[in-house]
1. So how much slack lies between Gln62 and Asp82, counting 0.36 nm per residue of separation and subtracting their Cα-Cα distance, in nm?
2. Top mean-square fluctuation among Ile94, Ile24, Ile112, Gaussian network model of the chain, C-alpha springs under 10 Å?
3. Take the chain, connect every pair of alpha-carbon atoms lying under 10 Å apart with a spring to form a Gaussian network, then pick out the residue of Leu60, Leu20, Leu52 with the largest mean-square fluctuation.
4. Which loop-located chymotrypsin sites (Phe, Trp or Tyr not before Pro) does segment 1-98 contain, where loop means any DSSP state but H, G, I, E or B and the Cβ has at most 14 other Cβ atoms within 10 Å?
5. Once label points are set 7 Å from the Cα along Cα→Cβ at both Leu18 and Lys72, what is their separation, rounded to one decimal in nm?
6. Taking square-rooted eigenvalues a ≥ b ≥ c of the alpha carbon gyration tensor, is segment 37-113 rounded, prolate or oblate, where a/c under 1.5 means rounded and, failing that, a/b exceeding b/c means prolate?
7. Count of lysine pairs in the chain with Cα atoms under 13 Å apart, counting only pairs 8 or more residues apart in sequence or on different chains?
8. Helix-only estimate, please: 222 nm mean residue ellipticity of the chain, summing -39500 (n - 2.57) across DSSP H runs of length 4 or more and dividing by its residues, to the nearest 500.
Amino acid sequence: MFKKVITKADIVLFIVILVLGTAISAYAFVGGDKGEEVVIKVRGVEQGRYKLSENKSIDLKQHSHTNTVLIKDGKVKMKYSDCNNQNCVHQGEISRTNESIVCLPNRVSIEIVGGEGVDDLAK
């Protein structure tokens with residue numbers, strides 16, 4: 001039968017992959033710039049821009065759909081949606097530039113813009 005042998009090269013490769021994976025995960029978890037504004041769109045049309053630093057609740061009522069967006073303590077989340085799947089509500093809070101929450105059934109999107117060192121083309 002065949003005997004498997006682990007070589008020094010295998011160990012080095014494993015360590016390199018482990019270090020790279022950890023670095024990428026750490027950047028994804030804590031990296032990125034802190035956003036400054038929340039842009040809310042309904043059906044692709046901007047409904048408003050709000051400072052991420054201000055605590056505010058925004059009710060979006062369109063046709064027969066309702067969504068509530070909550071901005072609190074520098075984070076934003078979809079607090080309520082009358083959609084069936086509730087993915088947007090369960091996604092939780094966001095606070096970093098280019099993060100977003102989307103409610104596909106109600107066609108509502110929330111995006112964080114304007115962090116340090118980021119060119120905000122929408123302004």
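Computed from the coordinates by the stated procedures, all read-outs in this text should not be read as laboratory data. Nothing here was measured: the structure is a model prediction, and the numbers come from that model. Here the Cβ positions follow ideal geometry from the backbone for every residue, glycine too, while neighbour counts run over all protein chains shown.
1. 6.1 nm
2. Checking each option, the largest mean-square fluctuation is seen for Ile24.
3. So, out of Leu60, Leu20, Leu52, the one fluctuating most is Leu20.
4. Numbers: sites: Phe2, Phe14, Tyr27, Phe29, Tyr50, Tyr80; in loops: Phe2.
Passing both the DSSP loop test and the Cβ count: Phe2.
5. 4.1 nm
6. On the way: a/c = 1.61, a/b = 1.43, b/c = 1.13.
It comes out prolate by the Cα gyration axes.
7. Eligible lysine pairs with Cα atoms under 13 Å apart amount to 9.
8. Value at 222 nm, helices only, nearest 500: -7000 deg cm²/dmol.
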